[in-house]
Amino acid sequence: MASSKKPGLQYRCANCGHVEPKWLGRCPECGQWNSLREGAATGRADRGGETFPLPIASIEAGDGARVGTGLSELDRVLGGGLMRGSAVLLGGEPGIGKSTLLLQVAARCATKGRILYVSGEESPAQIRLRAERLGCLREGLEVFCSGELELVRAALDSTKPTVAVIDSIQTMRAEEAGAVPGTANQIKYCAQELTAWAKAHDASLLLVAHVTKEGLIAGPKAAEHLVDAVLGFELGEGETRLLRASKNRFGSAEEVGLFRMGEKGLEEVADPSALFLIRRPGEGAAPAEMPPGAAVAPVHEGSRILLVEIQALTVPAKAGLTRVYSERIDAGRVSRVAAVLEKHAGARFSDQDIYVNVAGGMRLTEPGIDLALASALYSARSSLALPAGAALAGELSLAGEIRPVRHMRRRARAAQSLGFDRVIGPAEEGGREWRAVADLKAALRELFGGAKGG
C-alpha cells in the first residue's frame, strides 16, 4: 500500500537509482517491485536516517528568503540582506565597532523574530548598558553569555532564533577540540558546528572574528571557507568606517558599505559620493584649485560611483635607494605607473622616493584609477597643479595607452554632478560626456599644456 509523501523526502530505487517524489510499489524505470527507499530530498548527508545523492534538477531550490538587517549599507554589502541558512564572518581591528554593528543589527531584526546575541567576552550587564546607550533595547532580543559550545548549542536549540550573533568565534570552546579557546583547531571546529546548526535550522548566523596585526582574520583559513560570506571592517579617516566583502556566495563581493561612528553607534552615510574629497575654499559650488600632487578620480565601487582624491609626493632618495610608500594603493601599481611616466612622459622617478595617499583612508584596487594616479605623480614631480574641476578615469597600459574602463558614462555624470566640468577619460565610442584621450601624452597635454616634468 502506498504511503503519503513526507515533506523533505524523496524515494530512490535501489536497483536503478530512479528517484520519485512519492513511494511506489514498483519502480516505473526498471520495473522492480518494492525497491524504492526513503531518503533525504536535499542531497545533504544528514546525521541519522538514509540519505542518497539526487539529480540537481530534482532538488527544491527554496525561495532564497533574506532577512533585512535594517541597515541599508550592510544589506548592500551582503547582496540584499542576510540569507536564511547562511553564516557570515565579520572581522576588524579591536574597537572599530564590530560588536556595536551587530548589536544594532540584532535589535533591528528583533521585529522579524527571536534574536539570540551570544557573547563570550562581556557580561549580560555590560551588554545591557551598551544596548541602552545605542537605543537597542527591543522585545525579542535575548542575550546569552558563555564561551562553552555545548551550552551555546543548547541555547540555540531552546531559542530557535531567526538570527544568531556569536561574539566572538575566538572565545568559543568545545571539549572535543582541546582545552584552550582561540586555537586553530577550536576556531575551525566551533565554526563548523555553529554553521551546520544554522543551515539545519534555516537561521542566519553572524560570527565576530578577531584580526591579526596584518589585518587578516585570525585563525585558520578553513574557518573562512566554512562560512558563506566574509566581511571586513576597515577604519577610514576620522570616524568613517568601511565595510567590504572578501567573499560572498549570495551576492557581489565588490560593494562597499560606509558608516560613521557617532554617539548612538554606527550611522549610515547618506550621500557618500563626495565623502572622500578634501574640502578647500572655492568659488561657490565649483571645485577649488588643487595643490600640486593631487588628482580626483571617479571610482566604481560595487553599484555606485565615489569621487576620491589621490595624493602624491616625490622627494629625492637618500643613499641612492628609492622606495615607494603607499598603503591605500598597491605599491607595485605605483611603481608600474611611475615607470610608464618615466618612459613615455619624460618624468624621472628613478632617483625619487614616492609617497602616495588616498584622502579619507579608502583602499583602491580597481584599474580605473591609473590615469588619476599618473596625473598626481606627474603633478608632484613637476610641481604643476591640475586644473580646477578636473576628474580623471582610465586604465594605463605599459605602452602608455589609456584603456577603457567600466561605467565611464556614469563616472563622468557623477563627477559633473559635483561640479567637475573637465572629465578626462579613454577614447571610446560615445565619449561625448568627457574629453577623450588616446594615450598618456595626450592626457598630460590636456591637463598641463606643453609643460615638461622634472
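Of Ser335, Ser383, Ser350, Ser397, which residue is under 22 Å from Ala412 (Cβ atoms), surrounded by fewer than 17 Cβ atoms within 10 Å (Cβ to Cβ) and either not assigned by TED's automatic domain parsing to the domain that holds Trp434 or not acidic (Asp, Glu) (or both)? Spell out the reasoning first.
Details: Ser335 fails: under 22 Å from Ala412 (Cβ atoms); Ser383 fails: under 22 Å from Ala412 (Cβ atoms); Ser350 fails: under 22 Å from Ala412 (Cβ atoms).
Going through Ser335, Ser383, Ser350, Ser397 in turn, the sole match is Ser397.
Would you please name the residue that is nearest to Ala87 (Cα to Cα), looking only at residues in segment 149-173 that are of a type in the set (Asp, Glu) and loosely packed, with under 15 Cβ neighbours inside 10 Å? Spell out how you get there, then give the answer.
Start the filter on segment 149-173 by keeping residues that are of a type in the set (Asp, Glu), which leaves 150, 157, 167.
From the residues that got through so far, the ones that are loosely packed, with under 15 Cβ neighbours inside 10 Å too are 150, 157.
Details: Glu150: 19, Asp157: 17 Å.
Looking at residues that are of a type in the set (Asp, Glu) and loosely packed, with under 15 Cβ neighbours inside 10 Å, I get Asp157.
Any chance segment 175-183 includes a residue that's in the same structural domain as Leu103 (by TED's automatic domain parsing), hydrophobic (A, V, I, L, M, F, W, C) and surrounded by fewer than 20 Cβ atoms within 10 Å (Cβ to Cβ)? So that I can check it myself, show each step before the final result.
Initially, segment 175-183 is screened for residues in the same structural domain as Leu103 (by TED's automatic domain parsing), giving 175-183.
Still in the running and hydrophobic (A, V, I, L, M, F, W, C): 177, 179-180.
Then drop every residue that is not surrounded by fewer than 20 Cβ atoms within 10 Å (Cβ to Cβ), which leaves 179-180.
Checked segment 175-183: at least one residue is in the same structural domain as Leu103 (by TED's automatic domain parsing), hydrophobic (A, V, I, L, M, F, W, C) and surrounded by fewer than 20 Cβ atoms within 10 Å (Cβ to Cβ).
State whether one or more residues within segment 56-67 are of a type in the set (A, V, I, L, M), at pLDDT 85 or above and either touching a helix residue (DSSP H, G or I) at 6+ places or on another chain (Cβ under 7 Å) or surrounded by 17 or more Cβ atoms within 10 Å (Cβ to Cβ) (or both). So that I can check it myself, show each step before the final result.
Our first condition is that a residue be of a type in the set (A, V, I, L, M); within segment 56-67, this holds for 56-57, 59, 61, 65, 67.
Among the residues that remain, those that are also at pLDDT 85 or above are: 67.
Now drop any that are not either touching a helix residue (DSSP H, G or I) at 6+ places or on another chain (Cβ under 7 Å) or surrounded by 17 or more Cβ atoms within 10 Å (Cβ to Cβ) (or both), which leaves 67.
Yes, some residue in segment 56-67 is of a type in the set (A, V, I, L, M), at pLDDT 85 or above and either touching a helix residue (DSSP H, G or I) at 6+ places or on another chain (Cβ under 7 Å) or surrounded by 17 or more Cβ atoms within 10 Å (Cβ to Cβ) (or both).
Taking segment 227-252, which residues are hydrophobic (A, V, I, L, M, F, W, C) and buried (at least 18 other Cβ atoms within 10 Å of the Cβ)?
Val227, Ala229, Val230, Leu231, Phe233, Leu242, Leu243, Ala245
Quick check: is even one residue across segment 258-272 on the phi > 0 side of the Ramachandran plot and of a type in the set (Gly, Ala, Ser)? Walk me through it before giving the result.
Of the residues in segment 258-272, the ones on the phi > 0 side of the Ramachandran plot are 265.
Now restrict to residues that are of a type in the set (Gly, Ala, Ser): 265.
Yes, segment 258-272 contains a residue that is on the phi > 0 side of the Ramachandran plot and of a type in the set (Gly, Ala, Ser).
Any residue at all in segment 322-333 that's closer than 26 Å to Arg445 by Cβ, of a type outside the set (Lys, Arg) and over 23 Å from the mean Cα position of the chain (by Cα)? Let's see the steps before the verdict.
If we filter segment 322-333 for residues that are closer than 26 Å to Arg445 by Cβ, which is where we start, we get 329, 333.
From what is left, the residues that are of a type outside the set (Lys, Arg) are 329.
Right, trim to over 23 Å from the mean Cα position of the chain (by Cα) and you get none.
No, the conditions are met nowhere in segment 322-333.
Inside segment 221-336, counting only strands (runs of 3 or more DSSP E) that do not spill past its ends, which hold 3 or more residues that are under 28 Å from Gly394 (Cα atoms)? Give the derivation first.
On the way: elements: 229-235, 240-248, 256-262, 265-268, 294-301, 304-316, 324-326.
Correct list: 229-235, 240-248, 256-262, 294-301, 304-316, 324-326.
If I ask for residues that are farther than 29 Å from Lys112 by Cβ, assigned to a loop (DSSP other than H, G, I, E, B), in contact (Cβ under 8 Å) with a residue 12 or more places away in the chain and out of contact with any helix residue (DSSP H, G or I) (no Cβ under 8 Å at 6 or more places or on another chain), which ones from segment 170-215 would you list?
Listed by number, the list holds a single entry, Gly215.
Pull out all pairs, ordered by first then second residue, where Cβ-Cβ is under 7 Å, the residues are six or more apart or on different chains, the first lies in segment 227-255 and is free of Cβ contacts under 8 Å to residues at least 40 places away in the same chain, and the second is hydroxyl-bearing (Ser, Thr, Tyr) and surrounded by fewer than 17 Cβ atoms within 10 Å (Cβ to Cβ).
Ala253/Ser246
State which residue is modelled with the lowest pLDDT when the search covers only segment 269-304 and only residues that are among the acidic types (Asp, Glu) and surrounded by fewer than 16 Cβ atoms within 10 Å (Cβ to Cβ). Even if it seems obvious, please write down each step before you answer.
Taking segment 269-304 and keeping what is among the acidic types (Asp, Glu), we get 271, 283, 289, 301.
Going one step further and asking which of them are surrounded by fewer than 16 Cβ atoms within 10 Å (Cβ to Cβ), we end up with 271, 283, 289.
Numbers: Asp271: 79, Glu283: 49, Glu289: 82.
Here the residue is Glu283.
What number of residues within segment 346-372 are assigned to a helix (DSSP H, G or I), among the hydrophobic types (A, V, I, L, M, F, W, C) and over 19 Å from Pro287 (Cα atoms)? Even if it seems obvious, please write down each step before you answer.
At the first step, the residues of segment 346-372 found to be assigned to a helix (DSSP H, G or I) are 367-372.
Next cut, among the hydrophobic types (A, V, I, L, M, F, W, C) only: 369, 371-372.
Checking the rest, the ones that are also over 19 Å from Pro287 (Cα atoms) come to 369, 371.
Total satisfying the criteria: 2.
The values are calculated or read from the model by the stated rules, or taken from the named source; none is laboratory data. What you are looking at is a predicted structure, and each value in this text was computed from that prediction instead of being measured. In this analysis, Cβ positions are derived from the backbone assuming ideal geometry, glycine residues included, and neighbour counts consider all displayed protein chains.
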